[in-house]
Structures are given as C-alpha cells and as structure tokens.
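Colleague: Below you'll find the structure I mean.
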Amino acid sequence: MKELHTGNLYWPGTLDHTREFEPLRQNKKTQVAIIGGGMSGTICGSVFNGSGLSAIMLERGQVAGGSTSANTGMIQFSNDIMLCDLIEQIGKQDAQAFYRACKDAVNMLEKTAESLSVDVGFRRRSSLYYASTEQDLPKLKKEYEALKACGLDVEFWSPDDIMNHFSFRKSGAIVSHGDAEVNPFQFVNCVANAAADAGLEIHEQTDIVAHDTLPSGLHRLRTADGYEIEAEHVVYAIGYEPEELRGKLIKSELNRSFALVTSVQPTLQSWHDRFLIWETARPYLYMRTTLDGRVVIGGLDEDSEKPLRSEQERAKRSNKLHERLMALFPKLQAPIEFEWSATFGESRDNLPFIGVDPAWKNVYYSLGYGGNGSVYGMIAAQLLRDLIRGDAHPLTDIVKLDRKSLSSV
Ligand SMILES: Cc1cc2nc3c(=O)[nH]c(=O)nc-3n(C[C@H](O)[C@H](O)[C@H](O)COP(=O)(O)OP(=O)(O)OC[C@H]3O[C@@H](n4cnc5c(N)ncnc54)[C@H](O)[C@@H]3O)c2cc1C
C-alpha cells in the first residue's frame, strides 16, 4: 500500500467516532463494484445507490483514509486551469460547459451535505483569487471577462478594494461567489454512513489485487484475502495509486504538497467573511479558515511524489508556509498545530480522468486529479451513473481518458 501522507493530519481528530465496515469475507455478485473509498468512491457509491444501482464499495484501508484525509476542503468552481486557457485548449463551448458543471457540482455537494444528519462543516464561501505579481494582472482581467461571459458570479477588485477588506495589498483579484468549504473527512465518513444505511454495501480492509473478465462478460475481482466479486461494471476510484491495475492508462504527474493548520486564532477579524484565498502563481498558495477559528494554508508543491518523511524537513516547509501566511495576515497570533505532506496528482491537460476504459468494456475511472478533486468526484458520480445506465452525459468527451486534449501533452 502506498504512503499517501506523512505528518500530523487535522481532520481525523475532528470526528469522535468512525464507523467500521467489515472486510469482505464471502464471494459476492453485484451490478457495480467501486474500488476505493475516498471522496471519489464514496460520492459514486452514494449517487449510484440513490439512483437505484446496486453497488459494493471496496476499500483496502479505511474510508477517507487516503488522500481525502489530507484534502484541505476547499470547494471551488474555478479550476487549476483558468477558463480563458481552457477555452484555448478545448474551445469555448466545451470549456464553458465544464466550468458550469463545476458550479453545478458545488451545488450538488451542498445538497449532499444538507441531507446528512451531522454538520460536516459545509459552508458557502466566496473566493479571492489574487494576482501574485503585477505581470499576472492582464491575464487575471482576461480570466474575469471569461468567467463573467460564462454567467458565473464574479467581481474584479482593485488594489484599494483588496486593502479595504484585507490586511494586504495586491495588484488585483477576482472575487467569485458560490464556492464553499467542508471538512472532507467528516463529509466522506458521513456520506458513507448515510449511503450504507440506505443500502450501499461497504467493505474496509479489502484490497483488490486482481481483476479479469469472464467469458460471460462479467468482471471478476479478487481480494487479497482470496474472495471474489462478480460485477457487471467496475469503477476505479483509486486516487493517486494509478500505477496499479489499469490506471496506467492516464497521463499525469504526481507531486507532493504541504499543508498546515494553526491553533484556534484569538480573532479572525482581519479575514474578511472567511473567504477562501488563492493566487495566480503556479504552484499556488491557498488558504481558508475552519469553523472553530483556525487557519489552513497549503502549497509549496515539489517534484517528488513521495510525501516528505523527515519531521525536520517538513518543519522547514511548514515554517515557510506560516511565514507566507503572516506576511498576508500579520495580526494572526496562533502557532502551527498540525502539519502534513501528501502526494498530489495533476493531469497533464488539467482536466480530471472520468469515463470508460477505452479498451475494457464496462470498466470506468473516477480520478479527480487536480486541486478540485471533490468537485470532480461529484461530476464523476453523475457521469458514470449515466454511462452505466446507457444514458448520454454532456461532459463525456471532455473528460474521457482518450480525449483529444491529452494527445498533444
Ligand atoms: C494536500 C492536499 C490538499 C488538497 N486540497 C483539496 C481541496 O482543498 N479541495 C479539493 O477538492 N481537493 C483537494 N485535494 C485533492 C484531494 O486529494 C481530492 O480532492 C480527493 O480527496 C481525493 O479523493 P480520492 O477518492 O480520489 O482519493 P483517495 O482519498 O486517496 O481515495 C482512494 C482510495 O482508494 C483506495 N484504494 C486504492 N487502490 C485500492 C485497491 N486496489 N483496492 C481497494 N482500495 C484501493 C485507497 O486506499 C484510498 O483510500 C487535495 C489533495 C492534497 C494532497
């Protein structure tokens, strides 16, 4: 099993109790088998189950124990690739359709959170996307025009506007409305619990080690413990472990990233409306607050895919992140309380990998690579449900694994 994160994560400690799902201990038949119980697999499980598909979700470790527990919980319709760049990459119509689908997915995530009996920290937030340098300003203005033309709720803030709301000055920023934050660990655990109560079968500590197709066309999965699952359809929601099984198909880069959470701040008055904040630089810094008054900041991506193990080396990165935070918010007082390093995946054309295996019938992928993994998880669940039912979905050609935009990268 691959190490996806190192350090001291914040989210797992926010949930008093996690339900345990028994490992698979008998052979099974099902309509859909979902491999992976993170954000992507769990949303698929919940959506499939709610749509009348019979499904089993198989997780080799614990639900939400993979990269989901390192996720900083920012839910945004804007992507790592700006809309104006995506228009150049795939054309205006498709790029706008993709951005609007991201916006719809934020709404669906909100509905899902609202349907739970527990508060999982889902709150609507606006985002501040600032120009990291003066040189980035023309591009940011172009992006603002593209977002506005797409019908998204955005404003452009001047340096004075930014100064009037925050303790820092930047040469310009896009403010977008309709984004959100969530506690990803609570969200995924509670969605899994609710889906299990509604009939989704979930097994933890169930490692899928082999997959073949029977003469009947059914798929046969084998667990490390020797049990078999026969399924009509198989969805891989295996996160950043694509070297396994057929995930080799995708064109992606795996890096490592860093994040920290401070202790509870005495006051967050200098943080206007608890905005989500990020910037135009690549890799970018991003930050948010938590419901109990902490600050989360992440970034400083590095080329290695292995999370950094050395505590001392991680401390250097978290001190750097903290310095960057204090440069923006000098009035913050609370020290670093949690810090971690984690593997982070990006696709080469900045779009997620969602769709059928081009060479294996009834095998599908939900691989939401990029900073918007949660939003992609929701898009994937709807899209794959439609494909499994034999229905069309408008994003199919934009995000499929053998799409045009991947052929040149
Ligand atoms: C530092 C950091 C910050 C991030 N911040 C954000 C953010 O603010 N917003 C956002 O939307 N996204 C963010 N992301 C991206 C985030 O990783 C994704 O959003 C999402 O949580 C990934 O979920 P997943 O289900 O695809 O992967 P995972 O959570 O890794 O789940 C995959 C699961 O598959 C299981 N698995 C793999 N192979 C097998 C097998 N053979 N058999 C059984 N089980 C298997 C693994 O054990 C794992 O639990 C961030 C990522 C990192 C690293």
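Colleague: What does a probe at GLU114 reach in region 143-184, counting residues whose amide N is under 20 Å from the point 7 Å along Cα→Cβ?
Modeller: Counting only backbone N, you get 153, 177-184.
Colleague: Moving on to the next point. Treat every Asp and Glu Cβ in the chain as -1 and every Lys and Arg Cβ as +1, leave all other atoms uncharged, and give the resulting dipole magnitude about the Cα centre to the nearest 20 debye.
Modeller: With only Lys, Arg, Asp and Glu charged at Cβ, the dipole is about 360 debye.
Colleague: Put +1 on the Cβ of each Lys and Arg and -1 on the Cβ of each Asp and Glu in region 269-384; which of TRP360, LEU321, SER374 then has its Cα farthest toward the positive end of the dipole?
Modeller: Value computed over the given set: LEU321.
Colleague: Another question, then. ³J(HN,Hα) across region 364-370 via Karplus (A = 6.51, B = -1.76, C = 1.60, θ = phi - 60°), whole Hz, x for Gly/Pro?
Modeller: After applying 6.51 cos²θ - 1.76 cosθ + 1.60, I find 9, 10, 10, 10, x, 5, x Hz.
Colleague: Could you tally the net charge around ALA194, taking each other residue with its Cβ under 13 Å from the Cβ of ALA194, Lys/Arg +1 and Asp/Glu -1?
Modeller: Result for the local shell: 0.
Colleague: Taking the Cα atoms only, what angle lies between the long axis of helix 39-50 and the longest principal axis of the chain, rounded to 10 degrees?
Modeller: 60 degrees
Colleague: Compute the acute angle (0 to 90°) between the alpha-carbon long axis of helix 373-389 and the principal axis of greatest extent of the alpha-carbon atoms of the chain; round to the nearest 10°.
Modeller: Result, in degrees: 30.
Colleague: Near the amide H of VAL209, under 5 Å away, which other amide H atoms are found, from residues 5 or more places off or on another chain, if H is placed in the peptide plane?
Modeller: Under 5 Å from the amide H of VAL209: ARG222, THR223, ALA224.
Colleague: While we're on this one: Please list 3J(HN,Hα) in residue order for region 145-157, calculated via the Karplus relation 6.51 cos²θ - 1.76 cosθ + 1.60 where θ = phi - 60°; whole Hz, with x for glycine and proline.
Modeller: 4, 5, 5, 5, 5, 8, x, 8, 7, 10, 10, 10, 9
Colleague: With angles folded into 0 to 90 degrees, how steeply does helix 184-197 sit against the dominant principal axis of the chain? Use alpha carbons for both and round to 10.
Modeller: Approximately 30 degrees, to the nearest ten.
Colleague: A follow-up question, please. Using just the helices of the chain, give the 222 nm mean residue ellipticity in deg cm²/dmol: DSSP H runs with n ≥ 4 each add -39,500 (n - 2.57), and the total is spread over all residues, rounded to 500.
Modeller: Only helices count here, giving -9000 deg cm²/dmol.
Values quoted throughout were computed directly from the atomic coordinates according to the rules given, and no laboratory measurement underlies them. Keep in mind that this is a model prediction, so the values were computed, not measured. Because the Cβ atoms are built from the backbone with ideal geometry, glycine has one as well, and the counts that use them run over all protein chains shown.
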